[in-house]
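Asks: Please read through the structure below; I'll follow up with questions.
Please treat every number below as a calculation from the coordinates, not as lab data. Just so it is clear, the structure is predicted and the values come from calculations on it, not from any experiment. Here Cβ is always computed from backbone atoms with ideal geometry, including for glycine, and neighbour counts include all displayed protein chains.
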Amino acid sequence: MLRETWWQRAIIYQIYPRSFQDSDGDGVGDLPGITRRLRYLVDLGVDALWLSPVFTSPMRDFGYDIVDYCAIDPLFGSMQDFDELLEAAHSYGLKLLLDLVPNHTSSQHPWFIESRSSRRSPKRNWYLWRDPAPDGGLPNNWLSEFGGSAWAFDEASGQYYYHAFLASQPDLNWRNPHVREAIHNVMRYWLRKGVDGFRIDVLWHLIKDDQFRDNPINPEFKEGQPPHWKVLPLYTTDRPEVHEVVAGLRKVADEFDDCLLIGEIYLPPKRLVAYYGKDLEGVHLPFNFGLLETNWHARKIAELIDEYEGALPAGSWPNWVLGNHDRPRIATRVGGAQARVAAMLLLTLRGTPTIYYGDEIGMTDAEVPAGLVCDPLGKSVPALGRDGARSPMRWDGSRFGGFSETSPWCLCPDEGPPNVTEEESNQASMLALYKRLIKARRHNPALTIGSYHPLVATGDVLLFRRSHPGCPSVMTALNLGDQPAAAILEGIRSRGRVIVSTLAADRDGEAVKDEIDLRPHEGLLIELLG
């Protein structure tokens with residue numbers, strides 16, 4: 001049985017540092033800017049911050065192409081700035097998680113420069129090099145997620161190297177024990193500094209087929225879909241050997257007290273949960289992205305929850321995510337009214353929730369004209385562009401939203417989107433809703449560590465109950481439709497009272513007995529009274 005840990009009760013908040021707060025007027029968010037906004041995060045009620053990469057990088061992929069894993073890029077500040085952020089976060093009782101990117105480096109990393117220098121280089125086998133095919137062509141049909149072949153030709157050595165993403169992001173060879181030890185030492189460096197864990201980038205990519213076999217053709221591929229979907233990544237992702245690698249990462253984490261490992265893994269639940277590891281020796285939380293990909297309908301979401309809960313290994317702990325820096329924002333995907341319902345869903349399901357910065361004020365994706373696209377993925381595969389979800393945080397109604405005094409690194413709409421200052425003065429705002437839900441979660445252990453019980457519902461209504469010994473049970477009732485709905489409470493013998501509505505405070509304390517009436521796009525959190 002998993003012992004109770006800080007991250008079971010925690011709410012994680014993802015910060016995309018480039019877009020959170022600029023402190024020095026260069027239009028790019030930075031570490032001192034994050035430090036400046038810690039009080040806001042404390043008032044919101046979150047427990048841990050996850051920072052997207054802040055390491056030294058040429059920024060071809062905005063920090064996911066790393067040159068030095070143990071240094072801070074000057075764009076974000078200095079190591080002293082990082083130390084001050086870490087100390088300040090801990091003084092507020094906040095945990096700090098960093099983004100570990102072990103699948104690939106920048107092509108400017110000293111490891112790759114040495115690997116590329118000669119076929120006889122001691123670091124040649126730190127990356128994936130292959131001779132051309134017998135006909136002189138590509139080694140196989142593996143595709144880059146950023147478009148085109150995943151093989152780049154090196155004229156000097158006459159071989160190809162593999163890159164799952166940009167050609168300037170060569171993949172490391174995780175079958176090489178020296179690579180493993182090097183990344184393990186990176187982890188130790190930051191953990192000794194006092195960071196509280198890592199979110200691990202593209203964890204399911206780390207091991208590739210050692211025979212370099214062609215990926216099978218996707219029989220369901222349709223024109224207009226992302227080009228890399230033409231093949232099924234059978235030999236390039238989720239290989240059986242990856243779990244040994246994950247266990248090795250966990251072993252390093254276990255050298256330190258209460259270190260949390262979260263894995264980025266886009267897989268269906270039955271394959272996702274394998275990353276908890278045999279005997280729970282994998283990552284603590286394999287990111288569950290089901291809500292990013294499931295149709296926004298009550299019955300589909302109920303099926304997802306049941307499938308996920310049913311697949312979890314004994315003793316493991318679930319988690320839920322509504323958004324991140326790679327996907328359209330929840331308010332863009334489902335609309336502002338349903339984004340409120342989604343907030344209640346996220347914060348009342350069993351498991352650790354992660355909030356993406358700005359979702360708590362209802363930010364939507366910025367509409368970025370083609371000529372202003374910054375994202376390399378958006379330039380090569382426009383349908384997957386990520387700029388819209390990475391626009392700067394809206395702190396107030398001033399030009400550039402209080403994010404910066406100068407034009408930001410990417411598009412920042414001047415009008416329209418909500419901002420923190422306005423939301424803080426409005427008791428019916430999205431921000432107020434998030435704070436109420438987080439407060440309710442803190443008040444009742446049933447919502448943090450309690451068990452999950454699905455309840456019978458039909459149509460666009462989703463019902464479930466959370467319970468924990470010694471405290472009142474709580475029921476969540478969500479109307480995912482645009483029409484009024486009613487739910488009959490079958491099997492519930494308790495009376496209840498409304499403690500939070502997603503729409504307004506006008507139902508606070510309202511008695512609930514045999515039936516729940518829900519307004520369009522309304523969610524209710526109901527405390528059961530015995």
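Asks: Taking 7 Å along the Cα-to-C-beta vector as the label spot, tell me the residue 156-residue 506 distance in nanometres, rounded to one decimal.
Replies: Going from the residue 156 label point to the residue 506 one covers 7.1 nm.
Asks: In nm, give the distance between the simple-model label positions of residue 38 and residue 384, each being 7 Å from the Cα along the Cα-to-Cβ direction.
Replies: Label at residue 38, label at residue 384, 3.7 nm between them.
Asks: How many angstrom lie between the C-alpha centres of region 123-140 and region 198-230?
Replies: After rounding, the separation between the Cα centres reads 18 Å.
Asks: Same structure again: Do any of 193/439; 123/208; 251/278; 123/193; 208/230 go past 20 Å between their Cα atoms, and which?
Replies: Details: 193/439 31 Å; 123/208 18 Å; 251/278 13 Å; 123/193 28 Å; 208/230 18 Å.
Those over the limit are 193/439; 123/193.
Asks: Can you give the log10 of the normalised intensity I(q)/I(0) at q = 0.05, 0.09, 0.11 Å⁻¹, computed with Debye over equal Cα scatterers of the chain?
Replies: -0.20, -0.67, -1.00
Asks: Take residue 68, project a point 7 Å from its Cα along the Cβ direction, then tell me which residues of region 108-142 have their backbone nitrogen under 16 Å from it.
Replies: What the label zone holds, given the 16 Å backbone N cut-off, is 108-113.
Asks: Related question: Consider a paramagnetic label point 7 Å from the Cα of residue 406 along Cα→Cβ; state which residues of region 8-31 have an amide N under 20 Å from it.
Replies: 17-31
Asks: Alpha carbon centre of region 256-273 versus region 160-174: separation in Å?
Replies: Each part reduced to its Cα centre gives a spacing of 23 Å.
Asks: Rounded, prolate or oblate, given the Cα gyration tensor of region 380-458, with a/c below 1.5 counting as rounded? All intermediate terms of the calculation are to be shown ahead of the outcome.
Replies: Values: a/c = 2.94, a/b = 1.64, b/c = 1.80.
The shape class here is oblate.
Asks: Now, a different point. Debye sum, Cα scatterers, region 342-494, no solvent: what log₁₀ I/I(0) at q = 0.12, 0.17 1/Å?
Replies: The Debye formula, applied to the Cα set alone, gives -0.70, -1.03.
Asks: Sorted from largest to smallest, which semi-axis lengths in Å does the alpha carbon gyration tensor of region 103-175 give for its equivalent ellipsoid, taking the root of 5 times each eigenvalue? Each step should come with its number before you reach the end.
Replies: Details: eigenvalues 63, 47, 19 Å².
Over the Cα atoms of region 103-175, the semi-axes work out to 18, 15, 10 Å.
Asks: Give the whole-number value, in cubic angstrom per residue, of the convex hull volume spanned by the C-alpha atoms of region 164-222.
Replies: Numbers: hull volume 7.9 nm³, N = 59.
Spelled out: Cα convex hull of region 164-222, divided by residues, is 135 Å³.
Asks: If R₀ is 51 angstrom, what is the calculated FRET efficiency for the pair residue 367 and residue 439, using the beta carbon separation as r and rounding to 0.05? Don't skip to the end; give the middle numbers.
Replies: On the way: r = 34 Å, r/R0 = 0.67.
After rounding to 0.05, the efficiency reads 0.90.
Asks: Based on the Cα coordinates of region 80-125, what is the per residue volume of their convex hull in Å³?
Replies: Details: hull volume 4.7 nm³, N = 46.
Value for region 80-125: 101 Å³ per residue.
Asks: Out of every Cα pair in region 451-528, what percent are spaced more than 18 Å from each other?
Replies: Values: 1007 of 3003 pairs.
Tail of P(r) above 18 Å: 34 percent of Cα pairs.
Asks: Given just the C-alpha atoms of region 1-153, how large is their convex hull per residue in cubic angstrom?
Replies: Convex hull of Cα atoms, per residue: 180 Å³.
Asks: Please list, short to long, the whole-number percent of alpha-carbon pairs of region 144-278 in consecutive 5 angstrom bins beginning at zero.
Replies: Cα pair-distance distribution for region 144-278, in percent: 2, 9, 16, 20, 19, 15, 10, 6, 3, 1.
Asks: Charges on Cβ only, +1 for Lys and Arg, -1 for Asp and Glu, centred on the Cα centroid of the chain; of 160, 179, 77, which one is farthest towards the dipole's positive end?
Replies: It is 179, whose Cα lies furthest towards the positive end.
Asks: If you don't mind, there's one more thing I want to ask. Any idea which of 113, 133, 147 is furthest toward the positive side of the dipole for region 110-162, if Lys and Arg beta-carbons carry +1 and Asp and Glu beta-carbons -1?
Replies: So the residue furthest toward the plus end is 113.
Asks: Excluding residues fewer than 8 places away in the same chain, name every one of the aspartates and glutamates whose C-alpha is closer than 13 Å to that of residue 379.
Replies: The qualifying aspartates and glutamates are 61, 145, 387.
Asks: From zero up to wherever the largest Cα-Cα distance of region 279-339 sits, split into 5 Å bins and tell me the percent of pairs in each.
Replies: Bins of 5 Å from zero give 3, 15, 25, 22, 16, 11, 5, 2, 0 percent of pairs.
Asks: What are the ³J(HN,Hα) values, in whole Hz, obtained from phi via the Karplus relation 6.51 cos²θ - 1.76 cosθ + 1.60 with θ = phi - 60°, for each residue of region 429-446 in sequence order, with x given for Gly and Pro?
Replies: 6, 4, 4, 4, 5, 4, 5, 5, 5, 5, 4, 4, 4, 5, 6, 10, x, 4
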